[in-house]
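Comments concern the structure below.
The values are calculated or read from the model by the stated rules, or taken from the named source; none is laboratory data. It should be emphasised that the depicted structure is a prediction, and the values quoted were computed from it without experimental measurement. Note: ideal-geometry Cβ built from the backbone for every residue, glycine included; neighbour counts use all protein chains shown. What goes into the accessible areas is simple: the full protein's heavy atoms, side chains included, and nothing from ligands, DNA or RNA. Shrake-Rupley method; radii C 1.70, N 1.55, O 1.52, S 1.80 Å.
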Amino acid sequence: MEYSEKVFDHFTNPRNVGELADANGVGEVGNAKCGDIMKIFLKVSDDGIIEDVKFKTFGCGAAIATSSMATEMVKGKSLEDALKLTNQAVADALDGLPPVKMHCSVLAEEALRSAIADYYRRIGKDPEAILGCSMDCAHCHETHEH
Amino acid sequence: MTKHFVYADNAATTPVSARVFEAMKPWLTEYYGNPSSLYRIGQQAKNAANHARTQVGRALNAAEPINEANDRKPGEIIFTGSGSQADNLAIRGFVEGPSNHGRKHIITSKIEHHAVLYTCEALEKEGWRVTYLDVDKLGRIDLAQLRAEISADTAIVSVMAANNEIGTIQDLRAISEIAHANGAVFHTDAVQAVGHMPIDVQAMGIDLLSLSAHKFRGPKGIGALYCRKGIVLKPSVFGGGQERGWASGTENVAGMVGLGTAIEDAVSSMDEKMSYVRRLTDRLTAGILKIPYTHFTGDPVHRLPGTASFVFEAIEGEGLILRLDACGICSSTGSACSTGSLDPSHVLMAIGLPHEIAHGSLRLTLGEQNTEQEVDYIIESVTKVVDGLRAMSPVWANGKPDLSAASNLRP
């Protein structure tokens, strides 16, 4: 199994690590039993722009690198644009992931959508109407493929 | 950053020693003859292979004469291409061979190497009954369970001498006594043990023993099976009849010479080398255990001198290995993420570690070439790397693990 230089870079020097005390959207997916958990903190402005984003990840090199890259890719973006981010786009931005590690990129996409869903819920909007899924059901946390 | 390189994965493989390398060279470049050929360089190669066989036999205290210049006399040492091949030949070769008189049951343990486990699983699919013995939290097999499971139908008991992940050493003598009392033969996968702890096949009552040269400073691609006189195996490879016809193929003469030299070196100064390695490992263990929420895995007393294995709460092993690699340290983990499978290593599961904890495993294995300075550098680096990974872990908060938060995610 080989990681790209970019994966190594984001794993060794991850961007946006930490928590946001004033986060208004927080999402967490995965579980410790499977060996990966991602938690994403969003600070969304009133006009729906992701002003700041941080993450905390328990997981392998690819899990940490995809968290780092995904947060980089949505920083400063509108929520609409952030929701368009696919796991494939995150993997591509890292110059690819080994096949067995693609689930890590899925987890990053899910964590982000979960945080956005949490933001909508907090402002009184039904996330399901926007995301097509509330992102908080057990199903989402269970289905990432290993 | 100062450029360090510390090899602390000696259970994965070891560097070939200078003496072994020098001993091997002429058999690659000068005396390259095929041992089956009748001219001089062929016969010289055959003699070299047989000398290596004698070295291996003596190191294990096999019965004399170990090998005759005339190799039609069956010896007890069969060279193979690897430890895995030796395991396959031992188990399948025995149960399907003429020395097994219709017995259909195999006993092994849950913490065997895959060369043994997958051979047993394959035999299970072919109709054999297999019992996988449990181990306790230190990794020692349950002798009472062995006594309860063994019967007149048990053909072979296969239990490893020492575990590759946690280093736990089994009571070989006790296992062989139980096997023999029931008319079964005893095979031990001693790939991690040979060269690191005393092995005496006669005193320990071992009928079949697998070993591999690269675990004790010999080359890769050469292993051996000790097979007690009187036991006849079914061949694993058919062909030109080499290795008593059980493992045909033109002999890896240089590899055999390398194995012979390496095992002689390992055994001749074992006490001295291993007490040095053990001191290093004790220093390493004491240093690593100062990291909070860290656990030692395996048997603290009955273990290989160079093996130290740990689990760190709230972090994952692959990240640990990669960050240690960035520090120039070679180590390994039983984390699922290192293999791409769902479960952490079967060994860590068998000793009862929860999945959540087993993902954070680290194995450091030292050898005679490591130094105290290297050990101190490993301790310093592991401490730093664990801190760094915990700082970004969502299941680590206020200086302690917060795994309950994670389990709340489960329905």
Report task. Read through the list (1) assigned to a loop (DSSP other than H, G, I, E, B); (2) touching an Asp or Glu at 6+ places or on another chain (Cβ under 8 Å), then give the number of the only condition that residue B:78 fails. Result -> (1)
Query raised in the report: Is it the case that some residue within the range B:202-211 is touching a residue at least 12 places away in the same chain (Cβ under 8 Å) and surrounded by fewer than 16 Cβ atoms within 10 Å (Cβ to Cβ)?
Result: yes
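With the structure loaded, tell me whether residue B:116 is in a strand (DSSP E or B) and more than 23 Å from residue B:264 (Cβ to Cβ) or whether it fails that test. Steps first, answer last, please.
Numbers: in a strand (DSSP E or B): no; more than 23 Å from residue B:264 (Cβ to Cβ): yes.
It is false that residue B:116 is in a strand (DSSP E or B) and more than 23 Å from residue B:264 (Cβ to Cβ).
Only helices (runs of 4 or more DSSP H) wholly contained in the range B:307-384 count here; list those with 2 or more residues that are farther than 14 Å from residue A:58 by Cβ and of a type outside the set (Ser, Thr, Tyr). Quick ask: steps written out before the conclusion?
Values: elements: B:317-326, B:346-350, B:355-358.
Correct list: B:317-326, B:346-350.
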Report summary line: Scanning the range B:294-325 for residues that are touching a residue at least 40 places away in the same chain (Cβ under 8 Å) and within 14 Å of chain A (Cβ to nearest Cβ) gives B:311, B:312, B:313, B:314, B:315, B:316, B:317, B:319, B:320, B:321, B:323, B:324
**Report entry** Sole residue being under 18 Å from the mean Cα position of the chain (by Cα) and either under 16 Å from residue B:177 (Cβ atoms) or exposed (fewer than 14 other Cβ atoms within 10 Å of the Cβ) (or both), chosen from B:141, B:150
**Finding:** B:141
**Report entry** Residues being without any contact (Cβ under 8 Å) to a residue 24 or more places away in the chain and basic (Lys, Arg) - total across the range B:252-293
**Finding:** 1
Query raised in the report: Is there any pair linking a residue in the range A:51-65 that is within 7 Å of chain B (Cβ to nearest Cβ) to one that is part of a strand (DSSP E or B) and open to solvent by 10 Å² or more (accessible area, probe 1.4 Å), with Cβ under 6 Å and at least six apart or on different chains, and which?
Result: A:56/A:39
Query raised in the report: Is at least one residue of the range B:188-195 in contact (Cβ under 8 Å) with a residue 24 or more places away in the chain and either over 14 Å from the mean Cα position of the chain (by Cα) or open to solvent by 30 Å² or more (accessible area, probe 1.4 Å) (or both)?
Result: no
Requested in this report: Could you please let me know if residue A:35 is at positive phi, touching a Cys at 6+ places or on another chain (Cβ under 6 Å), buried (at least 22 other Cβ atoms within 10 Å of the Cβ) and modelled with pLDDT under 95?
Outcome: yes
Report task. May I ask you to list the residues in the range B:360-380 that are of a type in the set (Ser, Thr, Tyr) and in contact with a helix residue (DSSP H, G or I) (Cβ under 6 Å, 6 or more places away or on another chain)? Result -> B:361
Query raised in the report: If you check A:89, A:63, which single one turns out to be among the small types (Gly, Ala, Ser), open to solvent by 30 Å² or more (accessible area, probe 1.4 Å) and either assigned to a helix (DSSP H, G or I) or in contact with a Ser or Thr (Cβ under 8 Å, 6 or more places away or on another chain) (or both)?
Result: A:89
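What about residue A:77, is it surrounded by 17 or more Cβ atoms within 10 Å (Cβ to Cβ), in contact with a strand residue (DSSP E or B) (Cβ under 6 Å, 6 or more places away or on another chain) and away from chain B (no Cβ under 13 Å)?
Details: surrounded by 17 or more Cβ atoms within 10 Å (Cβ to Cβ): no; in contact with a strand residue (DSSP E or B) (Cβ under 6 Å, 6 or more places away or on another chain): yes; away from chain B (no Cβ under 13 Å): yes.
For residue A:77, the condition - surrounded by 17 or more Cβ atoms within 10 Å (Cβ to Cβ), in contact with a strand residue (DSSP E or B) (Cβ under 6 Å, 6 or more places away or on another chain) and away from chain B (no Cβ under 13 Å) - is not met.
Residues checked against (1) assigned by TED's automatic domain parsing to the domain that holds residue B:93; (2) open to solvent by 10 Å² or more (accessible area, probe 1.4 Å); (3) of a type outside the set (Asp, Glu):
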| residue | (1), (2), (3) |
| --- | --- |
| B:229 | yes, yes, yes |
| B:247 | yes, yes, yes |
| B:264 | yes, yes, no |
| B:293 | no, yes, yes |
| B:313 | no, yes, no |
| B:323 | no, yes, yes |
